[in-house]
Structures are given as structure tokens and as C-alpha cells.
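The values are calculated or read from the model by the stated rules, or taken from the named source; none is laboratory data. Fair warning: this is a prediction, and the values are worked out from it, not measured in the lab. Quick reminder, even Gly has a Cβ in these numbers, built from the backbone with ideal geometry, and neighbours come from all protein chains shown. Just the protein is used for accessible areas: all its heavy atoms, side chains included, with ligands, DNA and RNA removed. Shrake-Rupley method; radii C 1.70, N 1.55, O 1.52, S 1.80 Å.
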Amino acid sequence: MGKKAVPVLLIVLGGALLFGAITFWVDSASMPEAPSFGQTLRDWLTTLAGLGISIKGWLDLFKKNKDNSVSPAPLTRNIAMDEAQMNTAPGGRNVRTEGGTYIEEQHVYHLPTGPEESHDAIGFIPPARLDTYIPRGIEDQVLEQLKNNGAGAIVGVNAPGGQGKTELAKQVCEALAAEYAVLWVDVGEKNPEQVIADILLHCGAQPQPGATYEQQVNDLRYIFRQRKFLLILDDVRGPALPKLADYLPPKPSAALLTSRIQQMSGVKTFALDRMTPEQANSLMCAILGDETVAREAELAQKLAERCAYNPLALEIAARRARQESQASLHPIQKYFELAQNRFSELRMDGDERWDMHRIFDISYLDLDEADRQRFRALAAFAPGGFSPQAAAHLWGEEPNALLSRFINLSLVLPVPGERYRLHDLLDEYASAKLSEDKEEEEKTKIILAKWLVDLFDEYYNVKPEFVELIAPEYDNLVVSLEWAKFSENGTLLAQLATTPRNWFFNFFRDWENWQNWLEISLQIGIESKQLKANVLKAIGDVQQFRDERDAALESYNEALRLFR
């Protein structure tokens, strides 16, 4: 034993006797069942022993540096408890609690320190897709939220993917890299346990074997207190949401999430809408060049509309058009001819990240099979949308909760008039999914068609109070009529064309198409004589309106013979 150990031990022993006596005297005077002097002394010795688990630890405690200052013993924090506990030396033990003394395992993490390291990015940050970033108009709001050490989320409000959420997050990282240590984590389908483990791994701290979820959360909270982090959680989905608060860092750190989910508790959300026409033009110029876009300005605008101003779809289209630029002076026109009728053209070969079908698959596959079927059924409606009553009939169940869930997942968008529609480009995507099963497609579209027949039968007379309800359904009526014609279902086509007779004659007034649907139903064949007579009478109405009196009279007479 060294020469310094004896006086140190004497000091410790004397301190324990003195404080033990004082504590025993105070406890005896204040507590009905005070501990004995021996027990009090033993507790004090145990507590003091916990400050150093070896003689070397006590010697190091009083060891002087070259400048004669005393070096403190190394400290580790007990991170497996709800409250901070400090212990000397790695593997510290004998922590005093209300329930007694116990031994607790210590996890020690070595994080980069020093001004030159404090703001390095931790983990891999995906590179930007474009050399030129197109500002989206919410950057300042996001930066302000994060500079105030808060938590924010960028969510897409028009289409579940390709809106540029990740690209915006990369710009935020670049803007704040001098103030924060950036920690980027791809979330995706990970559950809370996997997210915690991933963040710890990025920080160089592997969870101890057998560590509980609660212990890992405490480990992470300890790490978050060591540095000023900017945590980026990219592509947060449903599995990670229930315990989101467990891995958001406290102030002065900040957190930014990107997600397709629009409602997240405790996080300020910033809605990222589709691009404006001006932003879309800037994006195309950045890829194709100002001269090419100016030369084909009108087609460039049409292509942007075809892509629903979705940034990823626009970028794919522009890059595909650029491939044609060396062989043609009009690359936009050449690509537009391919893409205007085929949604599948919005992809780049060899990389699924540049495929709009693949991007939308991510959201679609997040649904369970029952919700996938409900989603596919919505493809039966026209792009303009549908009413809750129509959705209820199609699904055979109360729609409000389901619609709310689809809205939250950025699959459905509310529109004026208490109606809903699929997000931009998703109508084409959903149609492709529905058409994969011909039996399901036929069943779904027949259900919608029969609902429309019943609706127009109930509201047969045109009244002002009915207009708000009936007028928006014209697009769905047209879709159903065209499907019945294509399917060569003459009876269904005739029902769809004759039940809204008064609405066609007094409100819709789409004479040419109406007559075409009526005549084709006769050509295909109609089983019921009564229904066939209704078709002929409606044809006579159209002919009378066009002042084709002889033809109208002939149609009415033929209808009358069938009625008789």
C-alpha cells in the first residue's frame, strides 16, 4: 500500500464516524424507528466506498497534476435509470437509492468532442439529386422552427411520394451544419426498437446484449445530452409513430422528420405541396437548359401538367427528354408523345428510385389487404372525386374513419363540396392495380354503376335543391357509361343512359354523347322491352331538341309499340 493510502483511509474512516454520529443523532430525534448507530455507520462507509472502488481510485482522486491542481476521478453515468446517477471509474457500483444499495452495469460512450468535430455529420446523408436546388417556399419556416431547437416534420399534401421532402431536408442539413451535429437516419418500415438501435449504432454505441427497450431509450437520452444534434428521421411511417417521443432529442438539439403521414403528435408539420408552374419551369430548365425549354415552352407546360407538378415525376420526364436532345431539336415533344397516355413512362430504367410506380408502391404496400382492396375500388370513380355516400356504397361500410385514415396516409385528398379524390397521379396508379384482377374490376364498377342508377332514380326530377347533390356525379356517370359501352353490357348502358333522362334533357344537355350511348345500347342488345322502349323515347327527345321531327316521331312510335 502506498504512503498516501494511510492518511486517505484515516480521513475516510474519520469522516464516516463523524457523519454517522451526526446522522444517527438526527434520525434518533426525528424518526420513530431510527436505525442503530452501527447500521448508520455501515451505510455511510458503503456510500463513501462507492466513490472509489480501488485504492488506486482514491490515490487518483488526490493526485496532483503538473500545475498542482487535483485531478477529479473519471466519472461514468448510470444511464439505465430514470434519474441520473454519477459513479467514479468505469464499472462504478453501490448506488444509494431509497430502496437500498444495488449494483448497476455502466455503459460508457466515447463521442467526438472539440470545436473541430462538434458539427460533423454522423452517418450517411444521401447526396442531392440535382446540382441546382429549386426552393419550395417553406424553407425559411422550417429553419426557424429548428433554430428554436424544436421538432418539425415535412409532409407531402399532394401525392404520397416524389414531392421533394428528402431533398428539402438535405438543404436544411447544409444550412445548419455549422450549428449542429447532423445525424441522418432512414426510418421506413422500422419499428421503435429498430429506430433506437439504428440511432445508437450511428453514434458508435452498440446496445448491450439483453438490454431492454427502456435501457436503450435511456442510453439514447444520455447521448443526446452530450452534443447539440440535428436529428433527421427520413421517411417516417406508421410502425415508428407510436413511440416517436422516445427518440426525439431534447433542447438544445432539434429534429426534422419527413413523412407521408400528415398527423403526428407533438411535431409541428410543414405541408409540402406540389410545385407551382414557375418552380416546375425552373426544374425543367435546370435539367434541359433554358434554350430547350424556351423553344418548346407550350409543350413543357403541358408536360408539367401531365406530371401533376410532382417534382420527381417532372424530373424523370425531363431527364428522359434530355436523352433525346442529341437526336432531336424537340426532345420535349418526342417524350411527351410517349408519356401523355402512358403513366408507366414515368420511370428510369435500372433504378427503382426513379419509378413513380415504385414510389407509390411504398404507400400502397403499407396498407393491409383489406385497405388495399378499398383503395383499388376508388379507381372506379372519375378523377374529379366522389362523395362519402358513394364510397360507403362501394365499400359496404361506414366510410368516415376509412377516409380519415387514407387522408392521413396522403392517399386521398378532400376537395370542395364535401367530396374526396385520389391524390395526383394516384388515379392512374390505382386503375392499374384494379385492372390486374378483371373479376374484381368488373364487380367494383358494376356496384358503382348500380349506385348511380339508384341515385338518379331517386332524384329523377330536376329540382334546385337537388342540384348540389347530383351535378358533381356527372363525371362518375360518364365513367360508368364508357365502361359499360367498352364492356358491351347493353342493359347496364341503357339503364345508365335512361334513368337520368330529365337531368340530361334539362341540366347536363350533353346531346351528342347522350344519343351515342343510347344508340350503342340498342346495337349491343337490351334484354328488357320496357328498357328498350325507354331508350327509344330518350332518342326521340334528343331528335326533337335538334328539330329532327320526322326522326323523333319515328322513335316515339317505335317506343310506343314496345310499351303496348
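Report yes if residue 233 is within 30 Å of residue 355 (Cα to Cα), modelled with pLDDT of 90 or more and more than 19 Å from the chain's Cα centre (by Cα), otherwise no.
No, not satisfied.
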Next item on the list: Search the stretch 257-273 for residues that are closer than 15 Å to residue 245 by Cβ and open to solvent by 70 Å² or more (accessible area, probe 1.4 Å) and pair each with any residue that is assigned to a loop (DSSP other than H, G, I, E, B) and β-branched (Val, Ile, Thr) when their beta-carbon atoms are under 6 Å apart and the residues are at least 6 apart or on different chains.
Entry: none
Check: Does the stretch 377-387 contain at least one residue that is within 15 Å of residue 451 (Cβ to Cβ) and surrounded by fewer than 21 Cβ atoms within 10 Å (Cβ to Cβ)?
Finding: yes
Notebook entry, point to check: Which of the residues spanning the stretch 368-383 are touching a residue at least 24 places away in the same chain (Cβ under 8 Å), among the aliphatic types (A, V, I, L, M) and out of contact with any Lys or Arg (no Cβ under 6 Å at 6 or more places or on another chain)?
Noted result: 377, 378, 379, 382
Margin query: As an exercise: evaluate residue 164 against (1) buried (at least 16 other Cβ atoms within 10 Å of the Cβ); (2) on the phi < 0 side of the Ramachandran plot and give the number of the one condition it does not meet.
Written below: (2)
Notebook entry, point to check: Within the stretch 405-453, restricting attention to residues that are open to solvent by 40 Å² or more (accessible area, probe 1.4 Å) and part of a strand (DSSP E or B), which residue is farthest from residue 500 (Cα to Cα)?
Noted result: 414
Item checked: Residue in the stretch 317-333 that is among the charged types (D, E, K, R), open to solvent by 60 Å² or more (accessible area, probe 1.4 Å) and within 27 Å of the chain's Cα centre (by Cα) present -> no
Notebook entry, point to check: What are the pairs, 6+ residues apart or on separate chains, where a residue within the stretch 429-440 that is over 15 Å from residue 486 (Cα atoms) and in contact (Cβ under 8 Å) with a residue 24 or more places away in the chain has its Cβ under 6 Å from a residue that is assigned to a loop (DSSP other than H, G, I, E, B) and open to solvent by 30 Å² or more (accessible area, probe 1.4 Å)?
Noted result: none
Notebook entry, point to check: Does at least one position in the stretch 502-525 carry a residue that is within 19 Å of residue 442 (Cβ to Cβ) and outside any helix (DSSP H, G or I)?
Noted result: yes
Checklist line | Of all residues in the stretch 347-375 being touching a strand residue (DSSP E or B) at 6+ places or on another chain (Cβ under 9 Å) and closer than 21 Å to residue 402 by Cβ, the one that is modelled with the lowest pLDDT | finding: 362
Notebook entry, point to check: In the stretch 214-223, what residues are within 17 Å of residue 243 (Cα to Cα) and over 25 Å from the mean Cα position of the chain (by Cα)?
Noted result: 214, 215, 216, 218, 219, 221
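This table checks each residue for (1) free of Cβ contacts under 8 Å to residues at least 24 places away in the same chain; (2) assigned to a loop (DSSP other than H, G, I, E, B); (3) open to solvent by less than 70 Å² (accessible area, probe 1.4 Å); (4) closer than 17 Å to residue 455 by Cβ.
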position	(1), (2), (3), (4)
480	no, no, yes, yes
484	no, no, yes, yes
496	no, no, yes, yes
527	no, yes, no, no
531	no, no, yes, no
540	yes, no, yes, no
547	yes, yes, no, no
554	yes, no, no, no
Next item on the list: Would you be able to say whether some residue in the stretch 278-288 is buried (at least 21 other Cβ atoms within 10 Å of the Cβ), under 23 Å from residue 182 (Cα atoms) and touching a residue at least 24 places away in the same chain (Cβ under 8 Å)?
Entry: no
Note to self: at pLDDT 85 or above and of a type in the set (S, T, N, Q): is that true of residue 206 in this structure?
What the structure shows: no
Next item on the list: Tell me which residues, restricted to the stretch 461-478, are over 17 Å from residue 505 (Cα atoms) and open to solvent by less than 50 Å² (accessible area, probe 1.4 Å).
Entry: 476
